[in-house]
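Since the structure comes first, as structure tokens, the remarks are kept for the end.
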Amino acid sequence: MSTLTSPAGHLDRSFGTDGTTILEGSDVKAIAVLKAPGPHQGKIIGVLADGNDFKLFRLEKNGLLDTSFGTGGYLRWGFAGSPVRSTPTGITELSGDKLLVTGYVQEGSPATLYYPAVARFNAGGSIDLLFGNDGVYVFKEPLPTAQPSSDITPQQTSDGASVYVVDANDDRILFAFNSGTFRPYANQGLLIQLTPAGQLDTRFNEQGYVFFQFDAQNTASIGLAVRQNGNFIVVGTAPNRAFLAAFTPTGQIDSSFGTDGFAVLAQAAGPVTLTQLLLQPDDKPVAVGWFSVASTRKGYVTRTLADGKPDNTFNNALPVTIERPFQSLHLKSARLDAEQAIVVAGELNTRALGLVGRLTPQGLMDRTFGIDGLSDTGIDGILNYTNSMAIQEAGGIVVAGSKNPMAAVCRYHG
């Protein structure tokens with residue numbers, strides 16, 4: 001499925017140093033491949049955690065640090081000044097040679113509060129002072145008055161608070177905040193839309209944000225994807241259930257989707273934790289994550305029809321279970337490749353070994369990829385933990401995370 005000649009699913013030793021690039025920091029949180037035409041097209045942009053701040057970085061296509069970016073390849077920044085902790089969770093390329101970093105700030109002690117945050121940067125590695133407040137927007141709006149009394153269990157949310165950009169263009173910046181059990185927005189699905197200038201967009205629900213809950217239960221909003229008609233789909237979790245929800249461009253529930261705007265995803269053998277939502281060109285949503293059975297995690301992938309109904313053409317409308325015998329496996333990120341195969345990345349967390357896998361568009365493990373659809377974890381050079389993944393034009397699968405104890409990026413043949 002690519003122009004690369006080495007067997008698919010194997011570590012690409014031509015990338016970085018013997019397949020891996022080690023970076024200054026503790027953990028790469030997100031990466032993207034630059035698509036805008038120009039001298040940097042195809043390069044890898046990323047953001048990593050580093051103490052109370054974060055660093056942007058840029059790599060050449062072959063994984064070497066691009067020292068023309070920022071200062072020596074890096075730009076150190078934060079959503080707010082010390083002692084506030086800034087944690088990045090996403091990076092997105094915008095039009096007009098801009099980059100958007102999303103994440104959250106942690107304030108207060110011992111009762112820490114987590115607030116969604118966004119910062120915009122110029123493509124060359126400097127803050128864009130025309131956005132928000134000196135380049136940064138932090139969401140601190142009040143909660144709805146009524147909330148359920150019990151929390152979602154940690155097993156039903158992805159690891160930590162997170163922000164995912166779904167749609168960022170000349171007209172709007174739309175994203176979801178997954179607070180999990182973190183205050184002040186615990187138990188609430190939260191969608192936020194900003195203007196290109198970095199202010200709340202009142203075209204969206206008349207105030208620029210939406211709090212929502214599924215079936216009046218504690219709710220975590222995991223991610224978003226925008227449909228061809230401008231509506232968008234949210235994937236989330238409520239107690240013992242994972243779901244999809246459809247919204248109009250103005251932030252109202254789209255009642256034509258599923259049942260009154262919501263669709264319950266196929267159940268697994270245990271509680272499901274979702275980490276990624278993909279949207280195929282035919283508007284079919286794909287949800288990725290893991291589930292737990294007797295303290296062992298297994299990968300979870302499912303797809304519905306565009307209207308939220310079960311899709312019998314994808315694994316007979318059943319969720320795909322991805323597993324390795326006697327190992328706990330969970331999936332952290334996913335992308336669609338040029339042939340619409342589903343490429344996933346995660347790790348065997350029993351042994352802290354990163355891995356990638358590939359499913360066919362029909363929901364079958366691609367046996368031409370790695371070992372029965374999964375990469376070999378018994379080799380030198382792979383990451384220990386993964387957070388993000390991107391696919392290069394030639395098919396290379398770039399995975400980011402950490403190789404203990406350093407931030408790192410590696411590449412597999414696609």
Members of the range 344-363 found to be in a strand (DSSP E or B), under 22 Å from residue 316 (Cβ atoms) and of a type in the set (Val, Ile, Thr), listed by number: 344
task: Mind listing whichever residues of the range 170-203 are buried (at least 19 other Cβ atoms within 10 Å of the Cβ) and assigned to a strand (DSSP E or B)?
output: 173, 174, 175, 176, 177, 178, 189, 190, 191, 192, 193, 194
message: I'm checking my understanding of the structure. Among residues of the range 343-355 that are aliphatic (A, V, I, L, M) and farther than 16 Å from residue 287 by Cα, which one is surrounded by the most Cβ atoms within 10 Å (Cβ to Cβ)?
response: 355
query: Regarding residue 24, is this residue at pLDDT 95 or above and out of contact with any helix residue (DSSP H, G or I) (no Cβ under 8 Å at 6 or more places or on another chain)?
result: yes
message: On the basis of being touching a Leu at 6+ places or on another chain (Cβ under 8 Å), within 24 Å of residue 7 (Cβ to Cβ) and in contact (Cβ under 8 Å) with a residue 60 or more places away in the chain, does residue 301 make the cut?
response: yes
- prompt: Taking the range 124-160, which residues are crowded, with 19+ Cβ neighbours inside 10 Å, out of contact with any Gly (no Cβ under 6 Å at 6 or more places or on another chain) and modelled with pLDDT under 95?
  reply: 152, 156, 158
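Quick one: how many residues across the range 356-383 are within 19 Å of residue 26 (Cα to Cα) and either of a type in the set (Lys, Arg) or buried (at least 18 other Cβ atoms within 10 Å of the Cβ) (or both)?
Narrowing the range 356-383 to residues within 19 Å of residue 26 (Cα to Cα): 381-383.
Imposing the further condition that a residue be either of a type in the set (Lys, Arg) or buried (at least 18 other Cβ atoms within 10 Å of the Cβ) (or both) reduces the set to 382-383.
Total meeting the criteria: 2.
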task: Of all residues in the range 299-319, count the ones that are surrounded by fewer than 21 Cβ atoms within 10 Å (Cβ to Cβ) and in a strand (DSSP E or B).
output: 1
field: Which listed residue is buried (at least 19 other Cβ atoms within 10 Å of the Cβ), at pLDDT 95 or above and of a type in the set (Gly, Ala, Ser), from 42, 16
entry: 16
- request: Name the one entry in 324, 297 that is over 20 Å from residue 17 (Cβ atoms), in contact with a Phe, Trp or Tyr (Cβ under 7 Å, 6 or more places away or on another chain) and modelled with pLDDT under 95.
  value: 297
- prompt: Inside the range 1-63, counting only strands (runs of 3 or more DSSP E) that do not spill past its ends, which hold 3 or more residues that are in contact (Cβ under 8 Å) with a residue 40 or more places away in the chain and more than 23 Å from residue 127 (Cβ to Cβ)?
  reply: 20-23
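Does any residue of the range 206-223 turn out to be surrounded by fewer than 17 Cβ atoms within 10 Å (Cβ to Cβ), within 27 Å of residue 389 (Cα to Cα) and over 19 Å from the mean Cα position of the chain (by Cα)? Quick ask: steps written out before the conclusion?
Going through the range 206-223, the residues surrounded by fewer than 17 Cβ atoms within 10 Å (Cβ to Cβ) turn out to be 206-207, 215-217.
Adding the requirement that they be within 27 Å of residue 389 (Cα to Cα) leaves none.
No, there is no match, as no residue in the range 206-223 is surrounded by fewer than 17 Cβ atoms within 10 Å (Cβ to Cβ), within 27 Å of residue 389 (Cα to Cα) and over 19 Å from the mean Cα position of the chain (by Cα).
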task: Answer yes or no as to whether residue 242 is part of a strand (DSSP E or B) and either modelled with pLDDT of 95 or more or within 16 Å of the chain's Cα centre (by Cα) (or both).
output: no
query: Are there any pairs with C-beta distances below 7 angstrom linking a residue in the range 175-186 that is on the phi > 0 side of the Ramachandran plot and at pLDDT below 90 to a residue that is aliphatic (A, V, I, L, M) and part of a strand (DSSP E or B), with the two at least 6 apart or on different chains, and if so which?
result: 180/220
query: If you go through the range 210-218 one residue at a time, do you hit one that is aromatic (Phe, Trp, Tyr), farther than 19 Å from residue 270 by Cα and not in a loop (DSSP other than H, G, I, E, B)?
result: yes
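The values are calculated or read from the model by the stated rules, or taken from the named source; none is laboratory data. In this text, all values refer to a predicted model and were calculated from it rather than measured experimentally. A quick note on method: Cβ atoms are made from the backbone with ideal geometry, for glycine too, and the neighbour counts reach across all protein chains shown.
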